[in-house]
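Peer 1: The structure's right below; bear with me while I get my questions together.
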Amino acid sequence: MSGICGIVHADGAPVDRQLLHAMTAFMAFRGPDAQDVWIDGPVGLGHALLRTTPESEHEHQPLSLDGKVWITADARIDGQAELRKQLAAQGRTNLATADDIELILHAYHAWGEDCVLHLIGDFAFAIWDGPRWQLFCARDHFGVKPFFYATVGQGLVFSNTLDCLRKHPAVSDTLNDLSIADHLLFEFIQDPNATAFADIQRLAPAQCLIWSADGPRLKTYWELPDKIEVRYRPAGDYVEHFNELLAVAVADRLRTDRVAVEMSGGLDSTAVTVVALQQLKAQSRPFELDAYTMVFDRLIQDQERYYSGLAAKHLGIPIHYSVGDDFKLFEKNDRTKWHGPEPAHCPVPEMVICTMAEAAQAGHRVVLTGWDGDNLLDESPNPYFRHLLKEGKFFRMLSGIVSHAISQRLRILPRCREWLNRWRRKYAASIPSYPVWLNPELEQRLNLPARWAQYNRPPSTSRPLRPRARKGFSSLLETSSFFDFCDAGVTHRAMEFRHPLLDLRLLDYCLSLPPFPWCVKKEILRAAMRGALPEPVRLRPKTPLAGFPHVVLLQRAEARGIDRFAASPALDRYITRSNIPPVCGTDDPESSWMNMRPISLDNWLKSL
């Protein structure tokens, strides 16, 4: 994840060269291979380079193709063969050896602001268009790469690293109280354009920023598609097409001979590992593929060591285990190096950082993950059956219900009441209690009870064919900071995380599949992995963590001090400290998790 930054002055004042150099140098932790700046009077761009592909060995930024339009980017562009064809049709030349950043520039020269309609991949970039005297910035579809900006007088300062913006003397440290309240209530800021700081904004996923002397203008360039059902006559064609798209998604995200995989014992990450291994072997040159897994041997019941070990042995790849039995609540040490530019609720930092630290220590710069197979491929068949009933397709509906019942070994009628009661209990338990420790003045000023009620309102009565997918991916688009946990701006590790199951081509296809049988319990992925994974792994049902580590840790004597934590004076603005219930010894995972949020916020406020 390379670092990018820039300063633009609308009043024509020259950019402070020393300041831009300082901002760029600050990002050396995320771009250790080279740092450089380009300045032209009131405009300046900075870049800190992290090399992760063979093409990047010759990459240099900031970059221009014509000396008039300049770019600084943190980007991986996928589907390059198709993009080159489109660009060639627009009259662009010298495309054969163009790298990711050059392709973005070519796309901008060809289509202007509409260039993002032709780009797929993970990216955050800023293009200075000298002839138009305009800055064009964009963030990728799911917000894997971050992008922050602040209006400074008549100008703009931007970066993909929030703390870099805070190096600018005109960007204040004043906090955004509503964002802090969102963190306490929901863990994530609800406004996709807001940050924890009043002066600093972020681009939402799939959003562009166009800045000129008239000021900033925001534009959303992509929304989650409504797909029309695709039907193949031979059932095998569904799986074959899925395999083709998964292979392309993984291949576009490899582009290196040395890669790590965050591989649990579940289906998603092991499937990504299978395809990555196939792709690397096909290159007929030496490669290194390592799996990293977090396990518990004593703290809670956990089968990840067994299932991930089965997969690693079957594939013949090394696997490295990070054991979580000795994790501690709110522990800070040199290993975690957890620095959140914004507050993050992370009572056990090692759970987030452990495998990442191991991979970084081994020198890996590219890490593949299995995000987000659950939303993509794990749907209830019921909305689809209701759709078939509404459409009058009774035979397909009945045959699907029977097939599903047989596959699940269910007796339908005797269990209908049980399912209904279970659903009611599940929904009732899914709404946690409103916290009692918020500062009353803050509550009243920001009308937080109404915000809480709006967030926890009952689900919509609309019944699309893929409700879980639409809800999950919509939430991802609205939660702009979701992927910050693996961004170098938080981890301070020069590593790039890549998520093949979030490939747009794969998403489009899976949203167009008949939900039953292919997207029920990941049937199409299980079919695709037949013979490629050990059967216990391929057929393993979705298995959440078999316990709550923080609940177990709260039972220990060493955790007693948590209830007596010494709060900083800054916390009083948000919290009535005396109203926080004791958490040590509690066995309620939801309430204890929520009631520890003030501690996370206090630790962050102290770090400021």
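The values are calculated or read from the model by the stated rules, or taken from the named source; none is laboratory data. Being a predicted model, the structure only gives us computed values, none of them experimental. Positions of Cβ are backbone-derived with ideal geometry, glycine not excepted, and every protein chain shown enters the neighbour counts.
Peer 1: In region 266-281, which residues are touching a strand residue (DSSP E or B) at 6+ places or on another chain (Cβ under 8 Å) and β-branched (Val, Ile, Thr)?
Peer 2: Answer for region 266-281, where residues must be touching a strand residue (DSSP E or B) at 6+ places or on another chain (Cβ under 8 Å) and β-branched (Val, Ile, Thr): Val272, Thr273.
Peer 1: Can you tell me which of (1) in contact with a helix residue (DSSP H, G or I) (Cβ under 6 Å, 6 or more places away or on another chain); (2) surrounded by 17 or more Cβ atoms within 10 Å (Cβ to Cβ) is the one Ile317 doesn't meet?
Peer 2: Unmet condition: (1).
Peer 1: May I pose another question? Looking only at region 436-471, filter to residues that are farther than 30 Å from Leu175 by Cβ and in contact with a helix residue (DSSP H, G or I) (Cβ under 7 Å, 6 or more places away or on another chain); which one of those is surrounded by the fewest Cβ atoms within 10 Å (Cβ to Cβ)?
Peer 2: Going through region 436-471, the residues farther than 30 Å from Leu175 by Cβ turn out to be 458-471.
Now drop any that are not in contact with a helix residue (DSSP H, G or I) (Cβ under 7 Å, 6 or more places away or on another chain), which leaves 463-469.
On the way: Arg463: 12, Pro464: 16, Leu465: 22, Arg466: 24, Pro467: 17, Arg468: 18, Ala469: 24.
Ranking the candidates gives Arg463 first.
Peer 1: For region 374-390, name all the residues that are in contact (Cβ under 8 Å) with a residue 40 or more places away in the chain, part of a helix (DSSP H, G or I) and out of contact with any Gly (no Cβ under 8 Å at 6 or more places or on another chain).
Peer 2: Of everything in region 374-390, those that are in contact (Cβ under 8 Å) with a residue 40 or more places away in the chain, part of a helix (DSSP H, G or I) and out of contact with any Gly (no Cβ under 8 Å at 6 or more places or on another chain) turn out to be Leu376, Leu377, Pro383, Arg386, His387.
Peer 1: Can I ask one more? If you scan region 540-569, which residues turn out to be within 18 Å of Asp297 (Cβ to Cβ) and either in contact (Cβ under 8 Å) with a residue 60 or more places away in the chain or crowded, with 17+ Cβ neighbours inside 10 Å (or both)?
Peer 2: Once the filter is applied, which keeps residues that are within 18 Å of Asp297 (Cβ to Cβ) and either in contact (Cβ under 8 Å) with a residue 60 or more places away in the chain or crowded, with 17+ Cβ neighbours inside 10 Å (or both), region 540-569 yields Thr543, Leu545, Ala546, Gly547, Phe548, Pro549, His550, Val551, Val552, Leu553.
Peer 1: Run down Pro225, Pro192, Pro216 and say which single residue is under 20 Å from the mean Cα position of the chain (by Cα), farther than 30 Å from Ile575 by Cβ, not assigned by TED's automatic domain parsing to the domain that holds His499 and not aromatic (Phe, Trp, Tyr).
Peer 2: Pro225 is the lone residue from the list that is under 20 Å from the mean Cα position of the chain (by Cα), farther than 30 Å from Ile575 by Cβ, not assigned by TED's automatic domain parsing to the domain that holds His499 and not aromatic (Phe, Trp, Tyr).
Peer 1: Same structure again: Which of the residues belonging to region 36-49 are more than 24 Å from the chain's Cα centre (by Cα) and either of a type in the set (Gly, Ala, Ser) or over 16 Å from Ala75 (Cα atoms) (or both)? Let's see the steps before the verdict.
Peer 2: Of all residues in region 36-49, those more than 24 Å from the chain's Cα centre (by Cα) come to 36-46.
Of everything in region 36-49, those that are more than 24 Å from the chain's Cα centre (by Cα) and either of a type in the set (Gly, Ala, Ser) or over 16 Å from Ala75 (Cα atoms) (or both) turn out to be Asp36, Val37, Trp38, Ile39, Asp40, Gly41, Pro42, Val43, Gly44, Gly46.
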